[in-house]
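The values are calculated or read from the model by the stated rules, or taken from the named source; none is laboratory data. Nothing here was measured: the structure is a model prediction, and the numbers come from that model. Cβ placement follows ideal geometry from the backbone for every residue including glycine, while neighbour counts extend to all protein chains displayed. These accessible areas exclude ligands, DNA and RNA; they are computed on the full protein's heavy atoms, side chains included. Shrake-Rupley method; radii C 1.70, N 1.55, O 1.52, S 1.80 Å.
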Amino acid sequence: MVSEEGTNQDGFAQPEAGGGGVSQLAHYQSTVEEEKAASTIQTRFRSHAEKRAKQGMFLTRRPDQVWYGVVDTIMGKTEQQQRWKRLTEDASLLGRGSVAGDNSLMLKREHWLEATDHLHRYGSNLEPYHSVWAAGASTQPFFFWLDSGDGATLDLPEAPRSKLNKQRLHYLTSAERDAVEAEVGPDGLLRYTGSGDTVHTLTDEEAAVLAADPSAWRRREQEIAALSRGGDAGVSEEERKAAKKARNTNKWIFVASSDMKRFYIAPKVKGTFGHSSFLSGGAVGAAGQISVNQGTIVKMSPMSGHYVPNIGHYIAFLDCLARQGVDLGRALLLNPFEGACLPANCPYDLQEARLDALDDKEHT
């Protein structure tokens, strides 16, 4: 369409005969193509963001709102009080997958550093170095200061460099996460979603002991849990260490997504794989330790140093499993929350991890 002034409907002059005005037409075409490309990029980004949200990996606020705050606090120097205030507000949002009011679990504060470190070194090892950096006068970003800057030669006795650099958490890729996702089958057994195989975490020796005498196996597991936690009179340090070693042998851990719709199980590997590994430091609905015998849950506890669930998270997860047909009546459900107030008419036989609370009831 051409106007009376000789311009087209978009305001650009019409090319004159013999090629005049070609540069203006080329500019017009280039502008249209750029706008189209920008629109395509934005559409695909929104689609990607929505897909990630459905996977429980979205941020509760826009990335720019979150990361500018993280950069200002963890990665750069500002006023001390303001830095920690913004760290509290923004670094907690590294717990992707949460929705306001959903009671999901975020990483414990010391592990925020782990999540923001591209090497994912243990937060408890990074924390002492961060304290030195925060108290000092350096304006270098923390991780640059730690690895290449003024703090590169610092070697703290409470977290030696050898330990700091060795203990790195592996965060699962999408494909790796899919491989350890579990679900409740129609028969009430736990199965891996992808393969359909029943989940089985016991060694042959553990399975044989359980099959021979379930009551003795149950009592022994309670005893190990009680001894390893310490605090009971008459328990020596040697007994506690031996119990911890037994507890940590063939330890399997789990997390559930914040909406309880997804459930992941894998063996714990000290210094390499922990609860934060499943969802890359994202928010979870439940976390703990689990033992499964050919799809049947035989032991569970809500122990996680990364997320520190409470009794409410524990029972909510048990409720979720029960609704899907999981038989928890024969499982040893350990309760580490001594003195915790249980809901009225709690349907689960929760056993406190204390030597004086060993359960003598037969479970056959």
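Mind counting the residues in region 246-262 that are among the hydroxyl-bearing types (Ser, Thr, Tyr) and assigned to a loop (DSSP other than H, G, I, E, B)? Step through it out loud before you land on a result.
Filtering region 246-262 down to residues among the hydroxyl-bearing types (Ser, Thr, Tyr) leaves 249, 257-258.
Applying the additional criterion that residues be assigned to a loop (DSSP other than H, G, I, E, B) yields 249, 258.
Count: 2.
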Query raised in the report: Out of the residues in region 264-283 that are at pLDDT 95 or above and in a strand (DSSP E or B), which is farthest from Gln324 (Cα to Cα)?
Result: Phe273
Query raised in the report: Exactly one of (1) open to solvent by less than 60 Å² (accessible area, probe 1.4 Å); (2) touching a helix residue (DSSP H, G or I) at 6+ places or on another chain (Cβ under 8 Å); (3) touching a residue at least 60 places away in the same chain (Cβ under 8 Å); (4) not β-branched (Val, Ile, Thr) is unmet by Leu189. Its number?
Result: (2)
Requested in this report: Go through (1) open to solvent by 60 Å² or more (accessible area, probe 1.4 Å); (2) out of contact with any Lys or Arg (no Cβ under 9 Å at 6 or more places or on another chain) one by one and return the number of the condition Tyr171 breaks.
Outcome: (1)
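Taking the conditions exactly as written (over 22 Å from Pro309 (Cα atoms), modelled with pLDDT of 95 or more and surrounded by fewer than 22 Cβ atoms within 10 Å (Cβ to Cβ)), does Thr139 satisfy them or not?
Values: over 22 Å from Pro309 (Cα atoms): yes; modelled with pLDDT of 95 or more: no; surrounded by fewer than 22 Cβ atoms within 10 Å (Cβ to Cβ): yes.
Against the criterion (over 22 Å from Pro309 (Cα atoms), modelled with pLDDT of 95 or more and surrounded by fewer than 22 Cβ atoms within 10 Å (Cβ to Cβ)), Thr139 does not qualify.
Kindly provide the set of residues from region 193-219 that are more than 21 Å from Leu350 (Cα to Cα) and in contact (Cβ under 8 Å) with a residue 24 or more places away in the chain, ordered by number.
Start the filter on region 193-219 by keeping residues that are more than 21 Å from Leu350 (Cα to Cα), which leaves 193-209, 211-212.
Listed by number, the residues that qualify are Thr198, Val199, His200, Thr201, Leu202, Thr203, Glu206, Ala207.
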Report task. Could you list all residues from region 251-271 that are open to solvent by 20 Å² or more (accessible area, probe 1.4 Å) and either in contact with a strand residue (DSSP E or B) (Cβ under 7 Å, 6 or more places away or on another chain) or small (Gly, Ala, Ser) (or both)? Result -> Lys251, Trp252, Ser258, Asp259, Met260, Arg262, Pro267, Lys268
Requested in this report: From Glu176, Glu158, Glu183, grab the single residue that is open to solvent by 40 Å² or more (accessible area, probe 1.4 Å) and more than 21 Å from the chain's Cα centre (by Cα).
Outcome: Glu158
Report summary line: Per the list (1) touching a strand residue (DSSP E or B) at 6+ places or on another chain (Cβ under 8 Å); (2) farther than 22 Å from Arg121 by Cα; (3) assigned to a loop (DSSP other than H, G, I, E, B), residue check on Ala182 breaks on (3)
Report task. Those residues that are open to solvent by less than 60 Å² (accessible area, probe 1.4 Å), assigned to a loop (DSSP other than H, G, I, E, B), modelled with pLDDT of 90 or more and over 22 Å from Asn103 (Cβ atoms), I need them from region 313-364; list them, please. Result -> Gly325, Gly329, Ala331
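Can you spot a residue in region 111-119 that is at negative phi, of a type in the set (Val, Ile, Thr), modelled with pLDDT of 55 or more and out of contact with any strand residue (DSSP E or B) (no Cβ under 8 Å at 6 or more places or on another chain)? Step through it out loud before you land on a result.
Going residue by residue through region 111-119, those that are at negative phi are 111-119.
Narrowing the set further to residues that are of a type in the set (Val, Ile, Thr) leaves 116.
Applying the additional criterion that residues be modelled with pLDDT of 55 or more yields 116.
From what's left, out of contact with any strand residue (DSSP E or B) (no Cβ under 8 Å at 6 or more places or on another chain): 116.
Among the residues of region 111-119, at least one is at negative phi, of a type in the set (Val, Ile, Thr), modelled with pLDDT of 55 or more and out of contact with any strand residue (DSSP E or B) (no Cβ under 8 Å at 6 or more places or on another chain), which makes the answer yes.
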Query raised in the report: Which residue, of Ala243, Ala211, Ala207, is assigned to a helix (DSSP H, G or I), open to solvent by less than 60 Å² (accessible area, probe 1.4 Å), at pLDDT 85 or above and small (Gly, Ala, Ser)?
Result: Ala207
Report summary line: Note: among Ala316, Ala283, just one is of a type in the set (Gly, Ala, Ser) and over 14 Å from His111 (Cβ atoms), namely Ala316
**Report entry** Matching residues in region 284-300 - criterion: being outside any loop (DSSP other than H, G, I, E, B) and open to solvent by less than 10 Å² (accessible area, probe 1.4 Å)
**Finding:** Val284, Gly285, Ala286, Ala287, Gly288, Ile290, Val292, Ile297, Met300
